Amino acid sequence: MTEQFEADRTYDHVYLVFVDTAGYSTIVLSNPRDRAAHAFDLLRERMRSRIEQLAAERRCARSGVWSWRGDGGFFAVHDDSESVARDVALEAARTFLTLDLLHLRDEFARAGVGGELHLRMAVHKGTIQHTGEGRTGAIHSPDINLAAHLEKATPRDCLAISEDVYRTAGPHAERFALVGSHEGKRVYLMAGDGGPERAAKAWLGSRGLDGGTTVHAYPERPSSEEKARLLDAASEEVLDMGTALRTSSGRLVTTERPARYRDAVLGLLRRGGVYSCYLLDPSSDAAATLSHQYQEDMTRKIKDSLERFGRFKERYGAEAEGLRVYQTDEFPGFSALAVDMRRPDGLILYSSYLMGAGKYGVIERGDMPHHLISPAAGPVFGRIRELAEARGTTGGVERVL
């Protein structure tokens, strides 16, 4: 039987074992509330039992749940002999990830719990203070915060340890691979179903390379409904640029109902916003090159789009005053739908044109990956914005509508 952490006492070299359910939403959405709650209670009890068992075997002085909220929490393990606490924490985390998680999935299946169970686990060590009965310590503690953030950065079904833990990991160290850094500390990772190479790939796949930024990626062009949501968020200006803008112009004159994209454009214009469209000059060399590349009449497609823009403007008259259509003779290399891109809260949805052809055929522009970025993307946003702005100043720009 382990001792309790005493109130108003500071403990050094406490091992903090964080566990979180990476598949939380699928379980909540797939089950009645009581069944989902039972599943997460089972997760907590299995982890508590594993730590309790190992603590008893190694006669570890103190261990137990420090904080738990629904789908995850953390355990604290401490002994006057640090190696004892280390062994309990690391062995419990490793066994839970590689063995208990598999058993839990089987139990969930037998109990009819729907959804996927995946875990993220992290171990860090540091100093904590028990602040009294019924309270679980200073949650703003730097060590607790670092451990919590490390767990959030861990790929699913993996166990991460901080460099502080790795330095004292002893025989456990060989199970972990150095994969990167987080908040100024090196991170070592163990994947639940593979060796060091699997751990490195899991970290890179989840965190990316150093110096990266968050980008929302889509396998193909988002639907008109989704793009209309972007326009709804605009307060001043939308920039729509491409080669022929056949899809955009077609949505403005469609006879289908609901005409969600057209309604969004009209809403922007009625708010006093500007909808600026840039497409290729149908007589340009770039249009001729694309016609050859894609084996299609690019000149005809551009002219059809210009005619549709004209019909839209004629139909809505003064309401469509904010529609501006330009043509240029330079190939842009990418398409973009930019919302208030000069503002601090701007957004840009863009897609690079992949010009590969040959035995694989030509890749349709709508089938290319699309990316949504905000100023939070830093230099990536700045670079794409510069390229989009250049469309309006280079290449013999001429306003045609």
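Shape index of the stretch 91-242: Rg/Rh, with Rg the Cα radius of gyration and Rh the Kirkwood radius from the inverse mean 1/r over Cα pairs, equals 1.10.
Derived value for the chain: Kirkwood hydrodynamic radius 25.1 Å. Basis is the mean of 1/r over every pair of different alpha-carbon atoms. Computed from Cα positions, the angle between helix 142-153 and the longest principal axis of the chain comes to roughly 50 degrees. Once the Cα-Cα distance is subtracted from the 0.36 nm per residue extended length, the Arg311 to Arg167 segment shows a gain of 44.8 nm. At the listed q of 0.17, 0.31 Å⁻¹, the Debye profile of the stretch 28-80, built from one uniform point per Cα, gives log10 I(q)/I(0) equal to -0.57, -1.16.
In the stretch 1-155 the Cα-Cα distances spread across 10 Å bins starting at 0 as 11, 40, 34, 14, 1 percent of all pairs. Across the options Trp203, Ala37, Gly73, the greatest Cα extent toward the positive end of the charge dipole of the chain (unit charges at beta carbon of Lys, Arg, Asp, Glu) belongs to Ala37.
For the stretch 159-281, what is the convex hull volume of the alpha-carbon atoms per residue, in Å³? Output value, Cα hull per residue: 178 Å³. Against the main long axis of the alpha-carbon atoms of the chain, helix 196-207 sits at an angle near 50°. How tilted is helix 260-270 with respect to the longest principal axis of the chain? Cα atoms for both, answer in degrees (0 to 90, nearest 10). The angle comes out at about 70 degrees. Distance between the C-alpha centers of the stretch 228-281 and the stretch 141-195? Whole Å please. Result: 47 Å between the Cα centres.
Quick note: the coordinates plus some simple rules give every number you see, no bench work behind them. Note that the structure is predicted; figures quoted are calculated from it, not measured. Glycine gets a Cβ as well: all are built from the backbone with ideal geometry, and neighbour counts include every protein chain shown.
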